[in-house]
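To start, the structure under review is shown below, and the notes come after it.
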Amino acid sequence: MTTRPKRRPAIAAAIVAAAAMAALAAACSDALLDEMTRIARAANEPTAVPATGSTITAHETISLAFGSAMDASAVELSGDLAASYEPAWSADGRTLELNADGVASWAAGDGRALTVTVADGGSVVSYELSYDVFDGVCVSEDGSDGNDGSASSPMLGLEAAVARAAALYPGRASSVRVAEGTYALDSSGPAGPVDMVEGVSLYGGYDALWSARDPAAHVTTIEDAAATDTLDLRGPIRFPEGVTNATVLDGFTIKGPPSRLSAAIVVEKAAPTISGNVIVSGIRTAGTLTGSTSYGIHVTGYDDDQHLAVVIRDNVVNANRAGGGAYYYRACGVYIADAIGFVIEGNDLSAGKSSDGTSSDGSCCIFIDNDVALATTPVIARNRIDGGSSSYTYGILCYDASNAAVTVRIENNLINAGLASMQDLSFSCSHAIETSRATLIVRNNTILVIDPDPVINWKGGGVYFSGSSCGPAIIENNIIISPSSTPADYFAIYTGDATYPIGSLKNNYFYGFTDGTTGQYSGTGESLAAMETRIDSAGGAAADNDETLFDSVNYDSGTLIMSNFMLDDDYRPRTTAPAAVLTGGLDGSALGWPFSDDYDGATRSGNGATGWSRGYAEKD
């Protein structure tokens, strides 16, 4: 029998050692390869300008700078931004420029990727870049109109920037992004105002990199220095004919010029979107120019080819101060004449002050002077409206040119009639809402007829019908308050003609008027009951209105103390308010009204079971 010899221990040890050496060699090879890749990555990584992660325009030039001369065939580009550029290598082979001609090449959008792959000595390394791209132009206080308007090379002038954006991006929406700072112009000079162009929107409130936007933190101011003594309307921003809602002005503080006739924003036969701005009309003090008039926003005319509403939303507008003798609208927050339609929503509006005390002084927060058929029903909703301070003050005024075919919806507003403060007059007035011809739908507003300075024959009113051709108004779910120690000078509803222009007076709450002055008819006071009877007899409908008459217990030095009644300091209903205030309104949802929320955007709470709260704010 043959016996197999045993493997010697030395041979076994040699096998183990060989395997260990092979493993070590493999590990060294991997480490060497990793090190070679790291060296290649570091040696070939380009420096990108703008840096990865930046916000850039679609016409931006992206520059890739390498540490040494590169073989162009060894550099490959891919990703979202790879197909839309014109590459150009520098003479020394170290720099590659993409979109060197600065044309609108990049596809807009956030997180657009660009991958740069470099092959070098057997190593292939990729570098990932990313950009947020927008169609538009950048503007900075440090810019120049000789620049191309890219993020790397911003412009300075707003007018030039708007024109460049229109030229670079024809046929598609674009924007001008403006970094924080103050941009001065003279609308009476050769350059004129900033003329907006259809499809080119103007946005302020950006940081220096045009990536973060906060108009409150990055205040962007447009100032107009024009000081002319003519009746040419001056203003720093102008929307010409043909501009539609697609063109937006947002995020600026805009200051009108100190001219005789001035506005911060002028709209001529256009229907733009004006939103999120602080708008201040020009200041012209008494005695400087006779007959000066200041507007926050001035809108006139319409384009026959487009039937869009001007949108004025979420702005703060202050008509500021003017001096001299134009009639009624000397200081005006928003003026609209013959627009095809409009939406005024979510703004904080003030008429400012008309300052010289003459009989023709006037301040008006919203002035509607329409005499055209409207494509849409104008809406004034969820605003804080202040009639300002003058001899005549108005929250909302629909003047003589407005015809009965013009129906205006007024809903969910807090409306202050203003302060008639000129004391050398034989007559003054403050009216929260007045119409001479237009048809009004007034629902769920809180209306204040405030206490004036002492004047002769002063009258303050909630809703005032001054003409004989008004349409049948609807007045429902409102709260009208007279916080005065002399309520005999006040009225909630005034009608001045034998034809009663009210179709529906329902579920309103009148507070602080004396018995016999809640209504006024042809200059004679009448009680709520008498007013309801007159409406019913004229073919209208009046029902479920309530009132709390003047009571000196609830007044202190002419100031209403409402803690015992219904409202907090911001005129919202307290939980202790009467049921008539909290749930005594009509349920607009059940009745198909075109709105179902309140001033704050909270859903009204009727749902068929109870009524809505009256006034501009729903109960908590």
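Accessible surface ranking for 70, 155, 1.4 angstrom probe, highest first: 70, 155.
Here the simple spin-label model places points 7 Å from the Cα toward Cβ, and for residue 522 and residue 338 these points are separated by 3.6 nm.
May I ask you to give the average projected area over all directions of the convex hull of the Cα atoms of the range 493-546, in nm² rounded to one decimal? Mind dumping the intermediate values first?
On the way: hull surface 12.9 nm².
Computed as one quarter of the Cα hull surface, the answer is 3.2 nm².
Hey, rough spin-label estimate for residue 602 and residue 184, points 7 angstrom out along Cα→Cβ, what's it come to in nanometres? That separation, rounded to one decimal, is 4.7 nm. To one decimal place, what orientation-averaged projected area in nm² is obtained for the convex hull of the Cα set of the range 49-198? Reported value for the Cα convex hull: 10.2 nm². Stretching residue 574 away from residue 49 to a fully extended chain increases their span by 183.1 nm, per 0.36 nm per residue minus the current alpha-carbon distance.
The values are calculated or read from the model by the stated rules, or taken from the named source; none is laboratory data. This structure is a prediction, so every number in the text was calculated from the model and none was measured. Cβ coordinates were reconstructed from backbone atoms using ideal geometry, including for glycine residues, and neighbour counts include every protein chain displayed. Quick note on the areas: whole protein, heavy atoms, side chains included, nothing else; ligands and nucleic acids left out. Shrake-Rupley method; radii C 1.70, N 1.55, O 1.52, S 1.80 Å.
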